[in-house]
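See below for the structure under consideration.
The values are calculated or read from the model by the stated rules, or taken from the named source; none is laboratory data. Worth saying up front: this structure is predicted, and the values here are computed from it rather than measured. In this analysis, Cβ positions are derived from the backbone assuming ideal geometry, glycine residues included, and neighbour counts consider all displayed protein chains.
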Amino acid sequence: MTGEHDHRPQPAPEQPPAVTPAITHPAVVRGDCVMDAVSLGKDYRLARHQVLHAVRDVSLSLHRGAVVALVGESGSGKSTVARLLAGQERPSAGTVRLNGQPVALSGHRAFRRYKSEVQLVFQDPFASLNPAHTVRYHVERPLRLHRGPLSAAEVRQQAAALMEQVRLTPAEDFLAKYPHELSGGQRQRVSFARALAAQPSVLLADEPVSMLDVSIRLEMLALLDDLRKRFRLALLYITHDIASARYFADEVLVMYAGEIVERGPAEDVTQRPAHPYTQLLVSSAPDPDNLGTALRNGANRAGRPGLAGPPPDGACPFSPRCPYADDRCRREAPALQPISAARAAACWRLDVAAPDVLARPEGGGDGTT
């Protein structure tokens, strides 16, 4: 067949989204995917011609029995992601799926059913508990809402069992107290018990230990890990402390300025960080195992990244703070690209920032804990 239309330019083949690289999620070895988000975005209109892109093209998968850590500084968009996954915010772009089905919260009943599967534990346990009610009220109310018709005796029995599971014993002593009568750690245990009362399959923990005394943080993380194993929870752990992510998570996603800039097995990302921002987080993390030694021949030689103004439009968001940034970084934002079968990073200068990671892409960590 001939004709002048045969010589028209053909459309370029459609490219796969750069923000969802074809990598193997380390958490997949734990169990089936319970929840996933694809190219999730959230914009807030600040003024007539001013929009804040709080979350941009975030994709993640939560698997049964596995922990995915979302790591970044305050203001990076981590808590916004948690609220989007919890159904408390509507995404501006992208899709959230639960058990493979797109989430559509069209009414009160749909939202309640969703909350039976997905629970959010807040950062501040005191602010999230009503000071006018006892611990018994906070634990028994979700039992009545989410576990169907129960007798008064069954509600009391299950509330006591929940308190035992979060190690608040004897249960009756704590159930009768008000939140102000508890320590910070005890209040957070009540928050865990309240979340577990719904029998969720997904638990979103937003900085669950950041407001607690340093002396009990490890104890609380150990409790959360025990609950994850015991109830086969798909757990999203949000934190600014990358050292705790190494201890706790199967997979680490590093977030900066609303975007995922690096992802991979927890051991690999924390021991051999690729993105300069991840290197900054690791080098500043207090850790008894000297977390961050591997990067000393990199970022420290180039000069420690510091605070700077906002990047130019379209530029790499980290370029004002990055010691490796060049003209391309200040003109064009890099997409998330695979480094290996299980790792990806968004950086134009990986050959300079992390040559050892590119030389040994598979790393030594398997992403399990």
Checklist entry - Could we say that Arg246 is modelled with pLDDT of 90 or more and more than 16 Å from Arg30 (Cβ to Cβ) here? => result no
Checklist entry - How do the helices (runs of 4 or more DSSP H) wholly within segment 270-343 filter down when requiring 1 or more residues that are over 23 Å from Ala69 (Cβ atoms) and modelled with pLDDT of 90 or more: which remain? => result 327-331
Checklist entry - Residues that are more than 28 Å from Tyr247 (Cβ to Cβ) and free of Cβ contacts under 8 Å to residues at least 12 places away in the same chain: which helices (runs of 4 or more DSSP H) entirely in segment 29-147 hold 2 or more of them? => result 108-117, 135-146
Checklist entry - Can you name every residue in segment 148-167 that is within 24 Å of Ala222 (Cα to Cα) and assigned to a helix (DSSP H, G or I)? => result Gln158, Ala159, Ala160, Ala161, Leu162, Met163, Glu164, Gln165
Checklist entry - Given the structure, is Val252 modelled with pLDDT of 95 or more, within 24 Å of the chain's Cα centre (by Cα) and not hydroxyl-bearing (Ser, Thr, Tyr)? => result yes
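Could you look through segment 228-243, keep only residues that are of a type in the set (Lys, Arg) and assigned to a helix (DSSP H, G or I), and pick out the one that is surrounded by the most Cβ atoms within 10 Å (Cβ to Cβ)? Spell out how you get there, then give the answer.
Quick first cut of segment 228-243, residues of a type in the set (Lys, Arg) only: 228-230, 232.
Now restrict to residues that are assigned to a helix (DSSP H, G or I): 228-230.
Working: Arg228: 21, Lys229: 13, Arg230: 11.
Filtering first and then ranking leaves Arg228.
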Next on the checklist: Let me confirm something: among Arg246, Arg194, Arg187, which residue is in contact (Cβ under 8 Å) with a residue 12 or more places away in the chain, in a helix (DSSP H, G or I) and in contact with a His (Cβ under 6 Å, 6 or more places away or on another chain)?
Outcome noted: Arg194
Checklist outcome for this item: Of the residues in segment 307-329, those that are touching a Pro at 6+ places or on another chain (Cβ under 6 Å) and basic (Lys, Arg) number 1
Checklist entry - What residue, among those in segment 197-208 that are in contact with a strand residue (DSSP E or B) (Cβ under 8 Å, 6 or more places away or on another chain) and hydrophobic (A, V, I, L, M, F, W, C), is surrounded by the fewest Cβ atoms within 10 Å (Cβ to Cβ)? => result Ala198
Next on the checklist: Just to check your reading of the model, which residue among Leu40, Leu85, Leu62, Leu70 is touching a Pro at 6+ places or on another chain (Cβ under 7 Å) and modelled with pLDDT of 95 or more?
Outcome noted: Leu40
Next on the checklist: If Arg263 meets every condition in (1) surrounded by fewer than 24 Cβ atoms within 10 Å (Cβ to Cβ); (2) basic (Lys, Arg); (3) part of a strand (DSSP E or B) apart from one, which number is that one?
Outcome noted: (1)
Checklist entry - Does segment 99-108 contain any residue that is more than 24 Å from Phe248 (Cβ to Cβ), in contact with a helix residue (DSSP H, G or I) (Cβ under 8 Å, 6 or more places away or on another chain) and among the small types (Gly, Ala, Ser)? => result yes
Item to check | Pair list, Cβ under 7 Å, 6 or more apart: segment 314-332 residue touching a residue at least 60 places away in the same chain (Cβ under 8 Å), other residue in a helix (DSSP H, G or I) | outcome: Phe318/Pro276; Phe318/Tyr277
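Is it the case that Asp173 is at pLDDT below 90, surrounded by fewer than 15 Cβ atoms within 10 Å (Cβ to Cβ) and either of a type outside the set (Gly, Ala, Ser) or over 27 Å from Asp36 (Cα atoms) (or both)?
Numbers: at pLDDT below 90: no; surrounded by fewer than 15 Cβ atoms within 10 Å (Cβ to Cβ): yes; either of a type outside the set (Gly, Ala, Ser) or over 27 Å from Asp36 (Cα atoms) (or both): yes.
So Asp173 does not fit the description; no.
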Checklist entry - Quick one: what pairs do we get from segment 202-225, first residue more than 26 Å from Leu84 (Cβ to Cβ), second part of a helix (DSSP H, G or I), C-beta under 6 Å, 6+ apart or different chains? => result Ile216/Gly185
